[in-house]
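The values are calculated or read from the model by the stated rules, or taken from the named source; none is laboratory data. Keep in mind it's a predicted model, so treat the numbers as computed, not measured. Reconstructed Cβ throughout: ideal geometry from the backbone, glycine too, with neighbour counts over all protein chains shown. Remember, those area values only see protein heavy atoms, side chains included, never the ligands or the DNA or RNA. Shrake-Rupley method; radii C 1.70, N 1.55, O 1.52, S 1.80 Å.
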Amino acid sequence: MRRLLARLLPKSWRPNIVTIPVIRLHGAIMAGGGQFRPSLSLATTAGLIEKAFAFDAPAVAISVNSPGGSPVQSRLIFKRIRDLAREKKKTVLVFVEDVAASGGYMIALAGDEIIADPSSIVGSIGVVSASFGFPELLKKIGVERRVHTAGQNKSVLDPFKPEKQEDVERLKALQLEVHETFIDLVKERRGTKLKDDPDLFTGLFWTGGRGLELGLVDGLGDMRATLKQRFGEKTQLKLISQQRGLLSRFGLFGSALGGGTAPADIAAAAAHGLADAAEERALWSRFGL
């Protein structure tokens with residue numbers, strides 16, 4: 001009630017309190033997602049980002065905690081933040097929690113300033129692709145796999161066939177293109193702050209303290225203390241979250257697990273979620289988390 005009354009007063013009469021909207025971008029970055037595996041993508045974050053920049057505040061604070069994932073979704077989230085920052089003329093302050101690596105660091109680049117905890121992990125400016133090979137498995141269990149394609153390259157890197165050198169070279173060429181795009185973005189956003197270090201773009205990652213020395217971040221600290229120092233001791237933080245209707249909370253009318261959903265669909269969604277959870281777990285484990 002007190003906040004509502006304050007908004008109704010003329011600005012000159014309002015108490016000198018600044019409220020900064022806060023967005024939490026936490027998790028692996030993947031297209032899709034759902035009930036069993038929430039993830040970061042433009043689709044899942046666009047609403048939060050729009051709400052934060054619509055807030056009457058001089059800045060937007062973003063908490064990033066991500067081991068990376070899809071380079072496309074990472075760049076789309078980055079671009080939406082920067083587009084709105086220019087449109088609304090707001091400062092963006094990014095705060096790194098446990099990790100902002102790979103695609104997570106790409107999102108962090110949307111900040112006009114990046115502030116990290118001294119023990120957080122930053123960097124990993126590179127591209128990785130991982131899979132498994134099972135060329136002998138089907139023989140052992142007595143199963144014949146039949147693949148028919150139109151186009152000689154439609155079954156490249158098939159996990160049930162021996163790896164071909166030309167397929168690996170093609171994949172590496174694609175990775176180099178994506179890597180160059182990432183490097184260009186880092187150089188564009190960090191500019192002369194970057195130190196001339198030969199390991200900077202090799203995929204290595206560092207603590208927030210070392211990241212400050214390399215120019216990957218601008219300072220060390222935490223969100224609350226930093227914002228109060230910038231905007232005054234009375235500064236308040238407003239967490240921006242997705243609004244959910246009463247019916248959707250109970251899984252009714254349009255929920256992924258709402259009434260009428262076939263058990264087979266639920267089982268398939270659960271199995272898909274478990275596979276994606278394993279992939280996400282592998283992303284986090286690269287950084288000892």
Given P58, P67, which one is in contact (Cβ under 8 Å) with a residue 60 or more places away in the chain, open to solvent by 40 Å² or more (accessible area, probe 1.4 Å) and farther than 19 Å from D222 by Cβ? P58
Does R75 qualify as being buried (at least 19 other Cβ atoms within 10 Å of the Cβ) and at pLDDT below 90? no
Which residues, counting only those in segment 188-203, are among the small types (G, A, S) and exposed (fewer than 11 other Cβ atoms within 10 Å of the Cβ)? G191
Just to be sure, is K51 basic (K, R), over 29 Å from A173 (Cβ atoms) and in contact (Cβ under 8 Å) with a residue 24 or more places away in the chain? yes
I need a count of the residues in segment 167-187 that are more than 18 Å from F78 (Cβ to Cβ) and open to solvent by 70 Å² or more (accessible area, probe 1.4 Å). 5
Segment 215-238: number of residues that are free of Cβ contacts under 8 Å to residues at least 60 places away in the same chain, open to solvent by less than 60 Å² (accessible area, probe 1.4 Å) and part of a helix (DSSP H, G or I): 2
Applying the selection to segment 204-214, what residues are surrounded by fewer than 18 Cβ atoms within 10 Å (Cβ to Cβ) and modelled with pLDDT under 95? L204
Of everything in segment 85-101, what is surrounded by 20 or more Cβ atoms within 10 Å (Cβ to Cβ) and free of Cβ contacts under 8 Å to residues at least 60 places away in the same chain? Give them in sequence order. V92, V94, A100
Any chance V72 is assigned to a loop (DSSP other than H, G, I, E, B) and either within 13 Å of the chain's Cα centre (by Cα) or closer than 16 Å to T181 by Cα (or both): no
List the number of the failed condition for G203; all other conditions in (1) over 21 Å from the mean Cα position of the chain (by Cα); (2) part of a loop (DSSP other than H, G, I, E, B); (3) in contact (Cβ under 8 Å) with a residue 40 or more places away in the chain hold. (1)
